[in-house]
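J.: Here's a structure for you.
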Amino acid sequence: MCGTNKYGFPIRHRTRQKVFFGFQTGDIVRGVVTTGKKAGVYTGRVSVRATGSFKLPQVDGVHHRFFSILHKADGYGYNF
């Protein structure tokens, strides 16, 4: 898979790695952010990035050190 420019030529490529820093997209996590403007407690399905700056539905760009896994992704979708 790759990203293309406006002419259709490949300019960037997706990584083949699925797990970053012990997290995988789809894991249910609890994030306790102690400092900064994103401080708070968040729970939800995480979307991982290779940079370590992960995304939750409520907040974007939180470092992976604030997260702990509640439930590993197992192929099913869960609602709260």
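The values are calculated or read from the model by the stated rules, or taken from the named source; none is laboratory data. Predicted, not measured: the structure shown is a model, and the values here were computed from it. Every residue, glycine as well, gets a Cβ built from its backbone with ideal geometry; the counts of neighbours run over all protein chains shown. Just so you know, the surface numbers come from the protein's heavy atoms only, side chains and all, with ligands and any DNA or RNA stripped out. Shrake-Rupley method; radii C 1.70, N 1.55, O 1.52, S 1.80 Å.
J.: Tell me, which residue of the stretch 37-60 that is open to solvent by 60 Å² or more (accessible area, probe 1.4 Å) and either among the small types (Gly, Ala, Ser) or in contact (Cβ under 8 Å) with a residue 12 or more places away in the chain (or both) is nearest to Gly75 (Cα to Cα)?
T.: The extreme case among them is Arg45.
J.: Oh, and also: Please identify the pairs in which a residue from the stretch 12-28 that is assigned to a strand (DSSP E or B) has its Cβ atom under 6 Å from the Cβ atom of a residue that is among the hydrophobic types (A, V, I, L, M, F, W, C) and open to solvent by 80 Å² or more (accessible area, probe 1.4 Å), counting only partners at least 6 apart or on another chain.
T.: Ile28/Leu70
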